[in-house]
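Take a look at the structure set out below.
The values are calculated or read from the model by the stated rules, or taken from the named source; none is laboratory data. The model shown is predicted, which means the values in this text are computed figures rather than measured ones. Using ideal geometry, Cβ is built from the backbone for each residue, glycine included, and neighbour counts are taken over all protein chains shown. Note: accessible area is taken over every heavy atom of the protein model, side chains too, but ligands, DNA and RNA are not part of it. Shrake-Rupley method; radii C 1.70, N 1.55, O 1.52, S 1.80 Å.
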Amino acid sequence: LDGERTLARKLQEAYLTWRLESVLPKQRLLEIYLNIAEWGRTTRGIGAASQHYFGVEPRELAPVEVAMLAAILPNPHRFGGWIDDGKIASSRL
């Protein structure tokens, strides 16, 4: 899909979402998303993010660490960059 914010794109997104949900279980969709999501300036996928920010495998993340990673997703360049630059203490997130 292109990057435009139009009604046509929203309709395409809705159709693609419906099709994906009809052939894949939600657990698999979440797994795919977490493994391709952008988590920072140069970080892609939950495995890379958990190693980059916490030095552990995803299954070893503590609940507070999972919450921090979730907080990065809305704007990974901004929020991931802030953590990398030490501008926000992890305890404050």
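As an exercise, take the mean of 1/r over every pair of distinct alpha carbons in region 20-87, invert it, and state the Kirkwood radius in angstroms. Present the calculation step by step, with values, prior to reporting the outcome.
Values: mean 1/r = 0.0805 Å⁻¹.
Evaluated over region 20-87, this radius sits at 12.4 Å.
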Here the relative contact order (percent) of the chain, from C-alpha pairs under 8 Å and at least 6 apart, is 19
Rounded to the nearest 500, the 222 nm mean residue ellipticity computed for the chain from DSSP H runs (n ≥ 4, each -39500 (n - 2.57)) alone is -18500 deg cm²/dmol
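When the chain is fully extended, how far beyond the present Cα-Cα distance does GLU13 get from GLU31, taking 0.36 nm per residue of separation?
Working: separation 18, 0.36 × 18 = 6.48 nm, distance 1.90 nm.
Net length gain for the segment: 4.6 nm.
Please give the peptides 39-51, 70-82, 11-23 ranked by average Cβ packing (other Cβ atoms within 10 Å per residue), highest first, as a rough proxy for protection.
Order by mean packing, descending: 39-51, 70-82, 11-23.
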Of every hundred units of 1.4 Å-probe accessible area on the chain, the number belonging to carbon and sulfur atoms, as a percent, is 56
Two pseudo-spin positions, 7 Å from Cα along C-beta at GLU21 and at ARG59, lie apart in nanometres by 3.0
With the 1.4 Å probe rolled over protein heavy atoms, the chain has an accessible area per residue in Å² of 73
